[in-house]
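Read the structure below first, then the notes.
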Amino acid sequence: NMPSFVHKSGGWGNTNDNLYSNVCFMPNVTMQLYTVGGATLNMCQFHPLGPYWRRVFCDAIAVMGVRIMEFEAFCDDECWYRGKRQMSVSSVSAQHPFCGTVNGTLSYIDYYRRTVGYPPAEAPTLLK
């Protein structure tokens, strides 16, 4: 079952007044990344509606024929799920500025300790 109304899609900290408000509604994969211990995750993959919102957005972009690099990266499964772009004939590099490295598997220690995750740009320097 899907709710008929969803308020906010997730974020970090005060999700009313910062860059990380509603990150699962943004087509910028790098804003969706969180570092937890030694792992980097796309937190929208864990949101119950995250993959659904992405699919609907990407379907709409395809129907309209919109070709924007940021949207293409967001709609690329390799970018969204793994942080990598597939090589194509027209691609200069497999790395894309809108994809971040995603290794996606928490260690058992971090999981059971309930280690707090942070966006990479916000990670405290004292935590390692």
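Laboratory data are not the source of any read-out in this text; all were calculated from the coordinates shown. Fair warning: this is a prediction, and the values are worked out from it, not measured in the lab. Here the Cβ is made from the backbone with ideal geometry for all residues, glycine too, and neighbour counts use every protein chain on show.
All Cα-Cα distances of the stretch 22-83, cut into 10 Å bins from zero to the largest, leave 23, 56, 18, 3, 0 percent in each bin in turn.
Counting 0.36 nm for each residue step from N22 to E70 and taking away their Cα separation leaves a gain of 15.6 nm. For T105 and F57, a Förster radius of 22 Å and the Cβ-Cβ distance give a FRET efficiency of 0.25, rounded to the nearest 0.05.
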